[in-house]
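Just below is one structure, and these are the notes that go with it.
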Amino acid sequence: MANRIIAKIHKGDKVKVIAGDSKGTVATVVSVDAAKGKVIVEGVHMVTRHRKPTAMNPEGGIEKFEAPIHISNVMVVDPKTNQPTRIGIRREGGKKVRVAKKSGQVIK
């Protein structure tokens, strides 16, 4: 398990895309795959698939959906400054909480 990435980004986080075609976009994380190091971000990296008609989908047609992007291509947005920030871990009251490095504010 040497390739496992520790995901400090969670579902529902507001993130900014820092690399790729959607660079600069601020959106919400739909899902996280920590084992593969991928995230799906709402409205980012839209791909098109042409589907053949099947029994389930007799019409077939063109389908657009969000594809996963690498977790290193997004940064969490600081709730206080609305700027991208790195994430730290701090213990408060015996629990681990995520903290924005720029402002020191607890995230969620």
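Quick check on segment 63-108: of everything there that is over 28 Å from His45 (Cα atoms) and among the β-branched types (Val, Ile, Thr), which residue is surrounded by the fewest Cβ atoms within 10 Å (Cβ to Cβ)?
Here the residue is Ile89.
Just to be sure I understand, how many residues within segment 23-60 are surrounded by 11 or more Cβ atoms within 10 Å (Cβ to Cβ), more than 9 Å from the chain's Cα centre (by Cα) and without any contact (Cβ under 8 Å) to a residue 40 or more places away in the chain?
Adding up the residues that qualify gives 14.
Could you check how many residues of segment 17-68 are among the hydroxyl-bearing types (Ser, Thr, Tyr) and outside any loop (DSSP other than H, G, I, E, B)?
Result for segment 17-68: 3.
So how many residues does segment 66-80 have that are closer than 19 Å to Ala100 by Cβ, of a type in the set (D, E, K, R) and either touching a strand residue (DSSP E or B) at 6+ places or on another chain (Cβ under 6 Å) or modelled with pLDDT of 95 or more (or both)?
Qualifying residue count, segment 66-80: 1.
Before we move on, is Lys8 surrounded by 10 or more Cβ atoms within 10 Å (Cβ to Cβ) and charged (D, E, K, R)?
Yes: the conditions hold for Lys8.
Any residue in segment 1-15 that is outside any loop (DSSP other than H, G, I, E, B) and either free of Cβ contacts under 8 Å to residues at least 60 places away in the same chain or of a type in the set (Ser, Thr, Tyr) (or both)?
No: zero hits.
With the checklist (1) part of a strand (DSSP E or B); (2) farther than 20 Å from His10 by Cβ in hand, flag the one item Gly88 doesn't pass.
All conditions pass for Gly88, except number (2).
Give Met46, Met75 a once-over and let me know the one that is more than 18 Å from Gly12 (Cα to Cα) and hydrophobic (A, V, I, L, M, F, W, C).
Among Met46, Met75, only Met46 is more than 18 Å from Gly12 (Cα to Cα) and hydrophobic (A, V, I, L, M, F, W, C).
The values are calculated or read from the model by the stated rules, or taken from the named source; none is laboratory data. Note that the coordinates shown come from a computational prediction; the quantities given were computed from them, not determined experimentally. Positions of Cβ are backbone-derived with ideal geometry, glycine not excepted, and every protein chain shown enters the neighbour counts.
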